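Laboratory data are not the source of any read-out in this text; all were calculated from the coordinates shown. Just so it is clear, the model here is predicted, and its values are computed rather than measured. In this analysis, Cβ positions are derived from the backbone assuming ideal geometry, glycine residues included, and neighbour counts consider all displayed protein chains.
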């Protein structure tokens, strides 16, 4: 029998304590530090138009919303922040949208530094890549693609904004809104017209609608899909299973959501609009609900049916490894396919001639449960604190956990405790609720002992 001395136990405890952070923990801490840096910069008097410190909680809320590419605001971006403050917010949006790990890889490429295995692993986790091989090539493609799409978007938006606001301001507005749209952030500078009005002045403008929607969709389909499309072109059969699911779900959600909103708002917000404006507004509302946060119609004035459709779209969100939030299109598709397989008494869950792994089904169910529980739990707590309508609070909490940014207008009326709750939801939503939970448990050893099984009735 081996004898264990006290100093051996101490050494083992020290080794356990010095265990390096997991990839999930590293990303969680990175986002926390990004938010902290943004909070400090936004608290500086130079960031605020009145030359006064906006206060810690207000700065923290705005920094979290920008870093987590949400778009919920407690003060109109143009009215509250100076050019310096707006640029801070824009940097937070860009870093938060791409992920600070991707930005770090960019710096390593520029400085010609060797990208180690740990960095590659972090990049894989951050971008939701399926394998670590070719991750640096993917990072380059992400950076080049982001610069291209944001650049083209800025130029096209400048065509509309320059004649309205002058050359320098028009170009700046084009850049700001292009980055905000591509990163699915929803921050805007249209407060100089009417505060909190977002893009309502352009509800029937085909150029602004088309550019903003395109940027939202491109940023929200995921970097893995980018890579797959660039390699296989229009050959659908050659696509990865993930790409096929993302494209199908994205198409169904955009046009299905738009059709439902059009029907429900036809005699409400769309009553005095022409058919062109109705179609643009319906499509824009459906697209922006997929975690972008812009709006061209008054969300608070929508019918309850439209709000429910928007809430469902917000909850699903974009796709894995993208700038969007939500539980993700693949997660929802996996659960729907699993339900279909259960009802049809199919042995496995299949789609497009492929079988979905059991681990993916378990993870999908966990993500949906955690996100729904966080949003509903937060809504109950806020209802106990403030007497808002239940629908408005649910809209707010689901918007926060899905990093959408659309609100019925109660964000700026939230009390400090409620704001802290919303901040927590935005952070969990951007990091991923499942990833946030794993950050506390990932280094624990899995117990291989199982309890005896016993049957129970379900359903």
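Results, tabulated for the structure shown:
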{"quantity": "Qualifying position, being touching a helix residue (DSSP H, G or I) at 6+ places or on another chain (Cβ under 7 Å) and within 21 Å of residue 187 (Cβ to Cβ), among 290, 278", "calculated": "290"}
{"quantity": "Residues being part of a loop (DSSP other than H, G, I, E, B) and in contact with a helix residue (DSSP H, G or I) (Cβ under 9 Å, 6 or more places away or on another chain) - total across segment 354-385", "calculated": "1"}
{"quantity": "Residues within segment 253-275 that are touching a helix residue (DSSP H, G or I) at 6+ places or on another chain (Cβ under 9 Å) and more than 23 Å from residue 323 (Cα to Cα), tallied", "calculated": "13"}
{"quantity": "Filter pass, residue 264 being part of a helix (DSSP H, G or I), more than 26 Å from the chain's Cα centre (by Cα) and either closer than 21 Å to residue 249 by Cα or in contact (Cβ under 8 Å) with a residue 40 or more places away in the chain (or both)", "calculated": "yes"}
{"quantity": "Residue in segment 411-418 that is surrounded by 15 or more Cβ atoms within 10 Å (Cβ to Cβ), in contact with a helix residue (DSSP H, G or I) (Cβ under 7 Å, 6 or more places away or on another chain) and in a loop (DSSP other than H, G, I, E, B) present", "calculated": "yes"}
{"quantity": "Filter result for residue 346 (assigned to a helix (DSSP H, G or I) and without any contact (Cβ under 8 Å) to a residue 40 or more places away in the chain)", "calculated": "no"}
{"quantity": "Yes/no for residue 288 being over 17 Å from residue 209 (Cα atoms), within 15 Å of the chain's Cα centre (by Cα) and either buried (at least 24 other Cβ atoms within 10 Å of the Cβ) or in contact (Cβ under 8 Å) with a residue 60 or more places away in the chain (or both)", "calculated": "no"}
{"quantity": "Hits in segment 271-285 (condition: in a loop (DSSP other than H, G, I, E, B) and either touching a residue at least 12 places away in the same chain (Cβ under 8 Å) or touching a strand residue (DSSP E or B) at 6+ places or on another chain (Cβ under 8 Å) (or both))", "calculated": "273, 274"}
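Each row is one residue, and each column tells you yes or no for (1) surrounded by fewer than 24 Cβ atoms within 10 Å (Cβ to Cβ); (2) in contact with a helix residue (DSSP H, G or I) (Cβ under 6 Å, 6 or more places away or on another chain); (3) farther than 20 Å from residue 416 by Cβ.
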position	(1), (2), (3)
39	yes, yes, no
43	yes, yes, no
58	yes, no, no
69	no, yes, yes
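Each row is one residue, and each column tells you yes or no for (1) surrounded by fewer than 13 Cβ atoms within 10 Å (Cβ to Cβ); (2) in contact with a strand residue (DSSP E or B) (Cβ under 8 Å, 6 or more places away or on another chain); (3) touching a residue at least 40 places away in the same chain (Cβ under 8 Å); (4) on the phi > 0 side of the Ramachandran plot.
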| site | (1), (2), (3), (4) |
| --- | --- |
| 295 | no, no, yes, no |
| 298 | no, no, yes, no |
| 308 | no, no, no, no |
| 322 | no, no, yes, no |
| 329 | no, no, yes, no |
| 335 | no, no, no, no |
| 357 | yes, no, no, no |
| 361 | no, no, no, no |
| 373 | yes, no, no, no |
